[in-house]
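This report refers to the structure that appears directly beneath it.
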Amino acid sequence: MRLIILGGGESGVGAALLGQAKGYDVFLSDRSPLKPTYRDTLTAAGIAFEEGQHTEALIVNATEVVKSPGIPDTVPLVVQLRAQGIPVVSELEFAARYTRAKLIGITGSNGKTTTTLLIYHLLKTAGLNVGLAGNIGESFAKQVIQDTFDYFVLEISSFQLDGMYKARLDTAILLNITPDHLDRYGYDFDQYVASKFRITQNQRPEDTFIYFLENAPTVGQLAQRPAVAQALPISLEMPVSPGGYAIDGKLTTHFGDQMYTDTLAELPLKGPHNALNMLAAILAAQSVGVPEEAIAVGLRSFKNAAHRMEPVATINGVQFINDSKATNVDSVFYALSSMTAPTVWIAGGQDKGNDYSQLDAVVAQHVKALVCLGKDNQKLIDYFSGRIATITDTHSVEEAVQQATALAQPGDVVLLSPACASFDLFKNYEDRGEQFKKVVSGER
């Protein structure tokens, strides 16, 4: 059996190692140069590979292909493989065949990483034997080679879901669906919605499906295809049981005979979006039997991922927050909604067809000034002129932080929450966030 891996990043190299362990004849091909660590790993394992090109003759004789989520389905080589009847799957689909662990999967346009890390933390705090993988951390496939975990918590993007067919999640979480990555879906929102709903495929009545009751695309899709698994809605507006809700400063969940309640003010994650993330995480933990005491301890000891509403410093009474991971408008909506002080908002970058109108109310309520950070900020400037009293145009992190600091007064917040991709000035959103933190902290 010949297994071809397209893409030599974390997921591809992990899939290659798993394929070799399961007896496949493995060949990895990447059109770009490989990172030295991945090249060394493949060489040490004796796995054949090429970089800087795709040699068609070495690929089209595959029994099966594992494709990196970064490669669109529309590239000619992938189209050709599928036309020949060769299965093209994601690393998660391939690896799920070889694990005995229960799988908890999280998707959504926003909140995936926070919720994934929180669920992992809650299960770890409870003493469960749990792994973390998917769109985060070490390759799922690589971890499945030894298969030592009883549970895996998987962050799953729509691109990964597109390559999943037979894999089944014991607990599936769909946090929200808002327009994002539409360039990969022919600018057809319905295609993107269908992609997200693949997280429910193959579920059984004994499995669980957690979703946000006030997300119209999710509820609309559920009306057309009701969940087979036990549905657990989460809400910010009404009590639901079974399920979870956050009302009047408290969050409450009901699952089976388990109930959990807590006070939002006592928990480290702030804002309505994080109330939803916590509700989803608590229900997921309850679905695998985590007791109330462990949930309470886990919620209070959780530290969120870098670049997601990350406090950087308080300087002269001004708090600086790094939310560089907010690469779409919906993420920024949640970030601005959680502000409790006048906010100098730093935004901009590579626009993805953003519609800024959904920010009108939160901008009017919270934003005192906008500092644009990007190569071309004209769309932001044109839209918010007349809506925000003070707007400045900057093209470097140093300039943006300098302008924001000048505009902020003691008691204000400077929030980097870009609403855009980072690739115009930075390698990625992590690079943008790290540069912001260094400038704020005076390290450069």
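Worth a mention:
- The number of residues in region 255-305 that are outside any loop (DSSP other than H, G, I, E, B), closer than 17 Å to I210 by Cβ and out of contact with any helix residue (DSSP H, G or I) (no Cβ under 9 Å at 6 or more places or on another chain) comes to 3.
- Check on T263, of a type in the set (V, I, T), more than 20 Å from the chain's Cα centre (by Cα) and surrounded by fewer than 22 Cβ atoms within 10 Å (Cβ to Cβ): yes
- Number of residues in region 188-247 that are of a type in the set (D, E, K, R) and closer than 20 Å to F159 by Cα equals 4.
- Strands (runs of 3 or more DSSP E) within region 177-251 that include 1 or more residues in contact with a strand residue (DSSP E or B) (Cβ under 9 Å, 6 or more places away or on another chain) and under 30 Å from T74 (Cβ atoms): 208-212
- Among the residues here, S396 does not qualify as under 28 Å from the mean Cα position of the chain (by Cα), polar (S, T, N, Q) and farther than 27 Å from N316 by Cβ.
- Candidate set: region 15-40, residues that are of a type in the set (A, V, I, L, M) and out of contact with any helix residue (DSSP H, G or I) (no Cβ under 6 Å at 6 or more places or on another chain); chosen: the one farthest from V88 (Cα to Cα): L34
- Any hit, region 152-163, residues being under 21 Å from the mean Cα position of the chain (by Cα), free of Cβ contacts under 8 Å to residues at least 40 places away in the same chain and not assigned by TED's automatic domain parsing to the domain that holds A326: no
- The residue that is nearest to Y151 (Cα to Cα), among those in region 62-92 that are crowded, with 19+ Cβ neighbours inside 10 Å and not aliphatic (A, V, I, L, M), is E91.
- Number of residues in region 408-442 that are over 13 Å from Q319 (Cβ atoms) and either within 29 Å of the chain's Cα centre (by Cα) or part of a helix (DSSP H, G or I) (or both): the value is 24.
- Any hit, region 153-162, residues being within 15 Å of G14 (Cβ to Cβ) and of a type in the set (F, W, Y): no
- T99 being among the polar types (S, T, N, Q), farther than 15 Å from L283 by Cα and either out of contact with any His (no Cβ under 7 Å at 6 or more places or on another chain) or assigned to a strand (DSSP E or B) (or both): yes
- Near pairs, Cβ below 9 angstrom, 6+ apart or cross-chain, from region 215-240 (within 23 Å of Q286 (Cα to Cα) and not assigned by TED's automatic domain parsing to the domain that holds Y334) to any residue that is surrounded by fewer than 12 Cβ atoms within 10 Å (Cβ to Cβ) and modelled with pLDDT of 95 or more: V228/R204; V228/P205; A229/R204; A229/P205; A229/E206; Q230/P205; Q230/E206
- Qualifying residue in region 308-323 (condition: crowded, with 18+ Cβ neighbours inside 10 Å and out of contact with any strand residue (DSSP E or B) (no Cβ under 7 Å at 6 or more places or on another chain)): yes
- Count of region 249-285 residues which are of a type in the set (S, T, Y) and within 16 Å of T125 (Cβ to Cβ): 1
- Matching residues, region 376-424, being under 19 Å from N322 (Cβ atoms), touching a helix residue (DSSP H, G or I) at 6+ places or on another chain (Cβ under 8 Å) and among the charged types (D, E, K, R): E398
- Residue ID - modelled with the lowest pLDDT, chosen from residues in region 58-80 that are touching a helix residue (DSSP H, G or I) at 6+ places or on another chain (Cβ under 8 Å) and assigned to a loop (DSSP other than H, G, I, E, B): G70
The values are calculated or read from the model by the stated rules, or taken from the named source; none is laboratory data. Owing to the predicted nature of the structure, the values given are computational and were not obtained by experimental measurement. When we count neighbours, we look across all protein chains shown, and the Cβ atoms used for this are built from the backbone with ideal geometry, even at glycine.
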